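These notes concern the structure reproduced below.
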Amino acid sequence: MKQPDTAAGSIGIFDSGYGGLTILRQIRQYLPQYDYIYLGDNARAPYGPRSFEVVYDYTLQAVEALFQRGCRLVILACNTASAKALRTIQEKDLHRWNDGRRVLGVIRPTVEALGDITRSRHVGLLATPGTVGSRSYEMEIQKLYGDIALTAVACPMWVALVEYGEFDSPGADYFIKKRIETVLRKDPEVDTLILGCTHFPLLMEKINKYTPPGVRLVSQGEYVAKSLVAYLDRHEAMRMGCTTGGTCRYLTTESVATFAATASIFLHKQVGNVERIEL
Ligand code: DGL
């Protein structure tokens, strides 16, 4: 397929590392016609343990890099960045472009979906320490569903298991079982578990293994993709500005070879068209 010369008109998808590829894959299933440019700040991942200031700085640099390449719409396919940087970027930075560019996150679409999923109205959240500490899920849930109680548990090792290719190892079983059991011990009425980190779908086999029957897992890709479909339906100018070549390019702050090899595992196909950038 012919690649556009610039990313002008491409939808930008950003994550600290490889996890956002799980969101990209689902978005491309729902909206295959558009051009995409994925940026992984792999050299500086994980963001989970970093402070608000640092996650905000790094995320803003990434958004600017995508804007400079011509993206008008950027999805923060990262809960940590959505939790710690999205609102500030929307409120303080977007106006500098003053031309209708938008940055969207993954937390709101996930929370919106909960209303129809949980019956007990007791929901668990598994996420990075950064996302849990930000209390962003609690705040969004409070705004939309005052009757839902959230029990959030940080999973500090899970992103590392993914980033370092340990998702299939016996060590992964230990950490995954431990965190799922912690949520269900804290609130035995939980019937819905949010996988609030875009890396976690890569651990799905083991997460399924330790999740009791009757507890529903909410993986974000599908909800973020459906929400983007609805957003583009509602925003004609944005939709008309998105180019439709069906292409995807990749930017990474790590080496091209490392990114291509790891991303290929996550996407279950060879990944070409990768460029290394500095932020
Ligand atoms: N994939 C990211 C998220 O959804 C975060 C991982 C990280 O860099 O800690 O939270």
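The values are calculated or read from the model by the stated rules, or taken from the named source; none is laboratory data. Keep in mind that this is a model prediction, so the values were computed, not measured. Positions of Cβ are generated from backbone atoms using ideal geometry, with glycine treated the same way; all protein chains shown enter the neighbour counts. Remember, those area values only see protein heavy atoms, side chains included, never the ligands or the DNA or RNA. Shrake-Rupley method; radii C 1.70, N 1.55, O 1.52, S 1.80 Å.
Applying the Karplus parametrisation 6.51 cos²θ - 1.76 cosθ + 1.60 with θ = phi - 60° to the phi angles of segment 130-138, what ³J(HN,Hα) value in whole Hz is obtained for each residue in order, glycine and proline being reported as x?
x, 5, 4, x, 6, 6, 5, 5, 4
Residues with beta-carbon under 12 Å from that of R216, excluding R216: net charge, scoring Lys, Arg +1 and Asp, Glu -1?
-1
After finding the eigenvalues of the alpha carbon gyration tensor for the chain, what semi-axes result from the square roots of 5 times each, listed largest first in whole Å?
They are 29, 21, 17 Å, listed from largest to smallest.
Between E236 and K143, what is the label-point separation in nm under the 7 Å Cα-to-beta-carbon projection?
For the pair K143/E236, the computed spacing is 2.7 nm.
What's the local net charge at L60, with K and R +1, D and E -1, over the other residues with C-beta under 14 Å away?
+1
Report the Cα centroid-to-centroid distance between segment 232-249 and segment 103-152 in angstrom, as an integer.
Value for the Cα centre distance between the two parts: 28 Å.
Run through segment 121-179 and list the chymotrypsin sites (Phe, Trp or Tyr not before Pro) located in a DSSP loop whose Cβ has at most 16 other Cβ atoms within 10 Å.
Sparse-neighbourhood loop chymotrypsin sites (Phe, Trp or Tyr not before Pro): Y164.
Which whole-Hz couplings ³J(HN,Hα) result when phi for each residue of segment 219-229 is put into the Karplus expression 6.51 cos²θ - 1.76 cosθ + 1.60, θ = phi - 60°, listed in order with x for Gly and Pro?
Running phi through 6.51 cos²θ - 1.76 cosθ + 1.60 with θ = phi - 60° gives 9, 6, x, 4, 6, 5, 5, 5, 5, 5, 4 Hz.
Under a 5 Å amide H to amide H cut-off, with H placed in plane at 1.01 Å, what residues pair with R216 once short-range neighbours are removed?
T192, L193
So if each residue of separation counts as 0.36 nm, and I subtract the Cα-Cα distance between Q90 and R276, what length gain in nm does that give?
Value of the extension gain: 64.3 nm.
With a cut-off of 19 Å, note down the residues of segment 62-87 whose backbone N falls inside the zone around a label point 7 Å from the Cα of W97 toward its beta carbon.
62-79, 81-87
Report the local net charge at L144: Lys and Arg +1, Asp and Glu -1, summed over other residues whose C-beta lies under 9 Å from its C-beta.
0
Counting only protein heavy atoms, what percent of the accessible surface of the chain is carbon or sulfur at a 1.4 Å probe?
Reported share for carbon and sulfur atoms: 50 percent.
So which trypsin sites (Lys or Arg not before Pro) in segment 189-279 pass both tests, a DSSP loop state and at most 15 other Cβ atoms within 10 Å of the Cβ?
Passing sites in segment 189-279 are K269.
Hey, rough spin-label estimate for Y164 and E53, points 7 angstrom out along Cα→Cβ, what's it come to in nanometres?
Modelled inter-label distance: 2.8 nm.
Only helical DSSP H runs with n ≥ 4 go in: add -39500 (n - 2.57) per run for the chain, normalise by residue count and round the 222 nm mean residue ellipticity to 500 deg cm²/dmol.
The helix-only estimate for the chain comes to -13000 deg cm²/dmol at 222 nm.
Label-point separation (nm) for E205 and T182, each offset 7 Å from Cα along Cα-to-Cβ?
2.5 nm
Going down the list K177/K206; K178/K269; K178/K206, which pairs span over 20 Å between their C-alpha atoms?
Too far apart for the 20 Å limit: K178/K269.
Nearest 0.05, what FRET efficiency do T244 and Q29 give at R0 = 22 Å with Cβ-Cβ as r?
0.90
Give a quick list of trypsin sites (Lys or Arg not before Pro) in segment 1-76 that DSSP marks as loop, anything other than H, G, I, E or B, with at most 10 other Cβ atoms within 10 Å.
Passing both the DSSP loop test and the Cβ count: K2.
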